[in-house]
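To start, the structure under review is shown below, and the notes come after it.
The values are calculated or read from the model by the stated rules, or taken from the named source; none is laboratory data. The model shown is predicted, which means the values in this text are computed figures rather than measured ones. Please note: Cβ atoms are built from the backbone with ideal geometry, for glycine as well, and neighbour counts cover all protein chains shown. Surface accessibility is based on the protein's heavy atoms, side chains included, excluding ligands, DNA and RNA. Shrake-Rupley method; radii C 1.70, N 1.55, O 1.52, S 1.80 Å.
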Amino acid sequence: MRIKYLGEKIIEGFIYGSGWITTLVVVVIVVFLFREGSGLFNKKPLEEGYGIVINAENKVREITAQEIRQIFEKDITNWKELGGADEKIVVFSLSNIDKYFTEKDLGESFSLLPEKIKEFVQENKGVIAVFPEKYLATSLVHLEIAPISFWSFISGKDWYPTATPSPQLGVLAIILGTLWVSLGAMLFALPIGIGVAIYMAEIAEKRVRELLKPFIELLAGIPSVVFGFFGLVYIVPLLQNLFNLPVGETALAGSILLGIMALPTIITLSEDAIRSVPKELKEASFALGANHWQSIARVIVPYAKSGVISACILGIGRAIGETMAVLMVTGNAAVIPTSFLEPVRTITATIASELGEAQQGGIHYEALFLLGSILFIITFLINWIAELVTRKK
Amino acid sequence: MSLIQTKNLHLHYGNFHALKDVNIEIGRNEVVALIGPSGCGKSTYLRTLNRMNDLIDGTSIKGEIIIDGQNIYDKKLDVNELRKKVGMVFQKPTPFPKSIFENVAYGLRVNGIHKKAEVEETVEQSLKQAALWDEVKNDLKKSALALSGGQQQRLCIARTIAVKPEIILMDEPTSALDPLSTLQIEQLIEELRKTFTVVIVTHNMQQAYRISHKTAFFYLGELIEYADTKQLFENPQHERTKNYVQGKFG
Amino acid sequence: MQNAKNIKQALAFTVFRILAGLVVGILLTVFLFIFLRGIGIISWEFLTAAPKEGMLKGGIVTAIIGTFLLIFYSALIAFPVGILSGIYMNEYLKDGKVKRFITIITNNLAGIPSVVFGLFGLSIFVNTLGWGVSVISGAFTLAIMILPIVIRTTEESLKQVEYNFRLASYAMGATKWQTIWKIVLPTAMPNIITGLILSVGRVAGETAPIIFTAVAYFLPTIDFSIDKPVMALPYHLYVLSTSGINLQASRDVAFGTALVLVSLIFILNLLANFLRKRLKVSSTK
């Protein structure tokens, strides 16, 4: 008898433990995502092992990653644009060292390089020299790079995580791209989804409805990658011909697929909400001489409003979080979207396509985790809002 | 001639024979109570009068119901028009999630009446007739869901009156209400019978006795007895009626 | 007036019917396009041979086996924990703040995008725990992903078991766990299994969580070990359709792979529906 109870206690112990498993998992996910992601803020956006030195007379002491890029792309050519003296900027790095020194000057296996750099930097007032730290004499004045801030990460327009010497980690275009594609998806998924939900909950005969239900379930079950494949083979060429585009991989292609993929969520949840409208309410409307459509439009759907809205919000969440399909058909260009007929890049596609190449613990790797954390927060908020909307009733 | 004539009415839900050969005549401005144990068919019968049973799959009807000289199961009849003429109040108060005003105006709007002055006037009149006007006249824009249960039920009656029906069906309209609200509704019914014909299903024998002219007793889908209320309660002709009425009444 | 409103109704209902037809049409199009182009590719060799010649020839057996390994191990992890958790939610936890909290957390877990699970799996299983890119890392990642589905399915199924069953069992002196184990669980089981089957479909089709945790681009040999990477059907389809050297040549294999994957999902759905119907029949008896 005792042993029996002991066994039961052990089992119940497992049950209690399992009950909290999801909470534990969510906490662990948060810890790991944010730990990896927040590492980015302690890092300088410069190629690892590199340093930047300038002439001792130069008053500029700190510079941002974006400014480095602009200097290298010749968008900034004078130190006064950076708050320094009126002096032309001279870029000096391994890629253009042959302009100033011959191989012979540098000696065997670059043994003379540190000396040459030192000379060059001391002689040129406008120099900005980017070299591996080991070649830089300690007496030289270093130019500091501003560490990445959350704001610069969010608001930065350039995403070149592997650019040299300074990776550009701005995700504005990517976040906007995500929202853009999802917005496009909702433009047709919402009307179709709600329409079909109304049809299934109110209009369809029982037989038709029971036929439709497994169809919708199956639609929900088709893997994302299959939709991506379908989009790549059919929708992309179709759009290219239809709109006479240079490439068919566009935001629109992504939106179409995401719309289709969000449909089951919207339909199923909205249908449930519409179905849960009390029968009496519907009868009361009929009893006043309203016909079926009037009852649907004026009583049933308004009553189910919060449920339908929450279904739509969760549909948006599904679209934002979707990976493979958008990765395959949106073209993945990290530019701020202005049209549905141009390529865009989403958060999910960025992570999926780049994480494989990013070195563990490196700046790119951490940037992708931070992007994942942002995605996590967005979907968390969406779920939370949906929950609030449902509960408001 | 009677306003409502029910002739040899049979109703099936699938295989279930819910109404068996019911014959009832109801005159204008009468209040008729339908009584009987649960599942006896009284609510089912009530719902045949405005064809609410149409909403349930697998219902089939034989026999006829003639209202104002017209067979309401005629294929050509517009069921929405019928329901305008035969209003209904339900067991649970069923205010729509709209304002008080919009609740009463609903029936007008769905029947194509949109003129502001006309709508406002009808709403006011209906609320007055339902003895609710004084309580809500300053809160017409407020949600109807904020009203108390008894007020909600009177609102539903006002909503029904607004469409100007000839007949009002009531399906246990007070069973979800407290005694005071019940009393108010009963008083209201006594007012209403001056203008309308009322058919009311009730579980409450005293209520039937108090408010109705005639009473019909249903049992297992059959109409056992239909007579003046006083006679049916005090001197029932059938054994079953007697058992039921005396078991529950007095 | 009556006419006008009935015309409006007819119009609105027609629109809704068209929309419903559209959704069915989309699904049929996707299916037909995969079926018609894929069916010619499927052969005994395609299903049983390993890929060769840059994946353009041979079959996809290693991808099929990989997918089944991932399904098997993730189910092994997620099902017991998920079912126990569902039991806790429905049988042990009373309605209140705690229950609502766990429900919200579980819903949130269900709402996390699959690629985030991939990130997480990479960080914890592959790197921190040092399991590397392997079946076991992928299985754990996928298991966490389907956990909310298993929990909710169990909870819903248990909820449908009549309360009187439990009372009757207690009345005969059974303990709580005996009641759950002998009465409640068996009654709810067919429903639970239906949900589990659908969660298996999810595992079979997901790509994003396994890209960094479990899969390899190309593996020609059949291997059942759990500490090595595998090929998987959805990832194989992704690779074939986007990064092949010869996209046109690999398209055929891609169609074949897509058909196998979709058929797998289709069969799982049929199975779940069949079970549900059986259940309905037996419960109405």
Looking at the structure I just gave you, is residue A:314 at pLDDT 95 or above, within 14 Å of chain C (Cβ to nearest Cβ) and buried (at least 21 other Cβ atoms within 10 Å of the Cβ)? no
If residue B:8 meets every condition in (1) touching a Ser or Thr at 6+ places or on another chain (Cβ under 8 Å); (2) surrounded by fewer than 22 Cβ atoms within 10 Å (Cβ to Cβ) apart from one, which number is that one? (1)
Against the conditions (1) closer than 20 Å to residue A:172 by Cβ; (2) surrounded by fewer than 17 Cβ atoms within 10 Å (Cβ to Cβ), where does residue A:343 fall short? Just the number, please. (2)
Over 30 Å from residue A:33 (Cβ atoms) and open to solvent by 60 Å² or more (accessible area, probe 1.4 Å): does that describe residue C:171? yes
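Based on what the data block shows, is residue B:115 of a type outside the set (Ser, Thr, Tyr), open to solvent by 40 Å² or more (accessible area, probe 1.4 Å) and farther than 30 Å from residue B:146 by Cβ? If you could, list the steps in order and put the result at the bottom.
Details: of a type outside the set (Ser, Thr, Tyr): yes; open to solvent by 40 Å² or more (accessible area, probe 1.4 Å): yes; farther than 30 Å from residue B:146 by Cβ: no.
No, not satisfied.
Please determine whether any residue of the range C:230-247 is closer than 30 Å to residue C:156 by Cβ, in a helix (DSSP H, G or I) and within 12 Å of chain A (Cβ to nearest Cβ). First the steps, then the outcome.
Of the range C:230-247, the ones closer than 30 Å to residue C:156 by Cβ are C:232-234.
Then keep just the ones that are in a helix (DSSP H, G or I); that gives C:233-234.
Those still in the list that are within 12 Å of chain A (Cβ to nearest Cβ) too: C:233-234.
Yes, that holds for at least one residue.
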Give me the pairs, please: first residue somewhere in the range B:44-69 and within 11 Å of chain A (Cβ to nearest Cβ) and more than 9 Å from residue B:11 (Cα to Cα), second residue anywhere and aromatic (Phe, Trp, Tyr) and open to solvent by 40 Å² or more (accessible area, probe 1.4 Å), beta-carbon distance under 7 Å, and either six or more positions apart or on two chains. B:56/B:13; B:58/B:13
Output the residue which, of all residues in the range A:177-198 that are open to solvent by 20 Å² or more (accessible area, probe 1.4 Å) and in contact with a helix residue (DSSP H, G or I) (Cβ under 7 Å, 6 or more places away or on another chain), is nearest to the other protein chains (Cβ to nearest Cβ). A:192
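Kindly provide the set of residues from the range A:211-229 that are open to solvent by 20 Å² or more (accessible area, probe 1.4 Å) and either closer than 20 Å to residue A:279 by Cα or touching a residue at least 12 places away in the same chain (Cβ under 8 Å) (or both), ordered by number.
Step one: list which residues in the range A:211-229 are open to solvent by 20 Å² or more (accessible area, probe 1.4 Å), which gives A:211, A:213-215, A:217, A:220-221.
Listed by number, the residues that qualify are A:213, A:217, A:220.
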Identify, from the list A:297, A:273, A:284, the residue that is more than 7 Å from every other protein chain (Cβ to nearest Cβ), in a helix (DSSP H, G or I) and free of Cβ contacts under 8 Å to residues at least 24 places away in the same chain. A:297
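Do you know which residues across the range C:123-139 are more than 7 Å from chain A (Cβ to nearest Cβ) and open to solvent by 10 Å² or more (accessible area, probe 1.4 Å)? Walk me through how you get there before you give the answer.
Quick first cut of the range C:123-139, residues more than 7 Å from chain A (Cβ to nearest Cβ) only: C:125-126, C:128-139.
If the condition is that a residue be more than 7 Å from chain A (Cβ to nearest Cβ) and open to solvent by 10 Å² or more (accessible area, probe 1.4 Å), then C:125, C:126, C:128, C:129, C:130, C:131, C:132, C:133, C:136 are the ones that fit.
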Requiring at least 2 residues that are open to solvent by less than 70 Å² (accessible area, probe 1.4 Å) and within 14 Å of chain A (Cβ to nearest Cβ), the helices (runs of 4 or more DSSP H) wholly within the range B:127-207 are B:149-162
Condition check for residue C:14: closer than 21 Å to residue C:264 by Cα and assigned to a helix (DSSP H, G or I): no
Specify the residue that is farthest from residue C:217 (Cα to Cα); the eligible residues are those in the range C:61-73 that are touching a Leu at 6+ places or on another chain (Cβ under 7 Å) and within 14 Å of another protein chain (Cβ to nearest Cβ). C:70
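Looking at residue C:118, is it more than 7 Å from chain A (Cβ to nearest Cβ), under 26 Å from residue A:366 (Cβ atoms), open to solvent by less than 30 Å² (accessible area, probe 1.4 Å) and out of contact with any Ser or Thr (no Cβ under 6 Å at 6 or more places or on another chain)?
Working: more than 7 Å from chain A (Cβ to nearest Cβ): yes; under 26 Å from residue A:366 (Cβ atoms): yes; open to solvent by less than 30 Å² (accessible area, probe 1.4 Å): yes; out of contact with any Ser or Thr (no Cβ under 6 Å at 6 or more places or on another chain): yes.
Yes; evaluated as a whole, the condition is true for this residue.
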Could you say whether any residue in the range A:328-340 is assigned to a helix (DSSP H, G or I) and at pLDDT 90 or above? yes
Would you confirm, using the coordinates I've provided, whether residue A:61 is buried (at least 19 other Cβ atoms within 10 Å of the Cβ) and among the charged types (D, E, K, R)? no
Would it be correct to say that residue A:196 is touching a strand residue (DSSP E or B) at 6+ places or on another chain (Cβ under 6 Å) and outside any loop (DSSP other than H, G, I, E, B)? no
Selection within the range A:21-55 - of a type in the set (Val, Ile, Thr), buried (at least 20 other Cβ atoms within 10 Å of the Cβ), touching a residue at least 24 places away in the same chain (Cβ under 8 Å) and out of contact with any Phe, Trp or Tyr (no Cβ under 6 Å at 6 or more places or on another chain): A:52, A:53, A:54
Condition first: farther than 30 Å from residue C:110 by Cβ, open to solvent by less than 50 Å² (accessible area, probe 1.4 Å) and of a type in the set (A, V, I, L, M, F, W, C). Now tell me which residues in the range C:43-80 satisfy that. C:46, C:49, C:50, C:55, C:60, C:61
Note on residue A:241: of the conditions (1) of a type in the set (S, T, N, Q); (2) in contact with a strand residue (DSSP E or B) (Cβ under 9 Å, 6 or more places away or on another chain); (3) more than 14 Å from chain C (Cβ to nearest Cβ), unmet is (2)
Between a first residue in the range C:21-47 that is under 16 Å from residue A:264 (Cα atoms) and a second residue that is open to solvent by 40 Å² or more (accessible area, probe 1.4 Å), which pairs have beta carbons less than 7 Å apart while being 6 or more apart in sequence or on different chains? C:24/A:215; C:27/A:215
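Is it true that some residue in the range A:331-338 is out of contact with any helix residue (DSSP H, G or I) (no Cβ under 7 Å at 6 or more places or on another chain), facing chain C (nearest Cβ under 9 Å) and surrounded by fewer than 24 Cβ atoms within 10 Å (Cβ to Cβ)? Spell out the reasoning first.
Within the range A:331-338, the subset out of contact with any helix residue (DSSP H, G or I) (no Cβ under 7 Å at 6 or more places or on another chain) is A:331, A:333, A:338.
Now drop any that are not facing chain C (nearest Cβ under 9 Å), which leaves none.
No, because not a single residue in the range A:331-338 is out of contact with any helix residue (DSSP H, G or I) (no Cβ under 7 Å at 6 or more places or on another chain), facing chain C (nearest Cβ under 9 Å) and surrounded by fewer than 24 Cβ atoms within 10 Å (Cβ to Cβ).
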Every listed condition ((1) more than 10 Å from chain C (Cβ to nearest Cβ); (2) assigned to a helix (DSSP H, G or I)) holds for residue A:246 save (2)
Members of the range C:5-32 that are more than 9 Å from chain A (Cβ to nearest Cβ) and more than 30 Å from the chain's Cα centre (by Cα): C:7, C:14
Residue match in the range A:78-100 (condition: touching a residue at least 40 places away in the same chain (Cβ under 8 Å), more than 14 Å from chain C (Cβ to nearest Cβ), assigned to a helix (DSSP H, G or I) and open to solvent by less than 70 Å² (accessible area, probe 1.4 Å)): yes
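Being open to solvent by 10 Å² or more (accessible area, probe 1.4 Å), in contact with a helix residue (DSSP H, G or I) (Cβ under 6 Å, 6 or more places away or on another chain) and away from chain C (no Cβ under 13 Å) narrows it down to one of A:309, A:203, A:235, so name that one. Break it down into steps so the answer makes sense when it comes.
Details: A:203 fails: away from chain C (no Cβ under 13 Å); A:235 fails: away from chain C (no Cβ under 13 Å).
Only one candidate qualifies: A:309.
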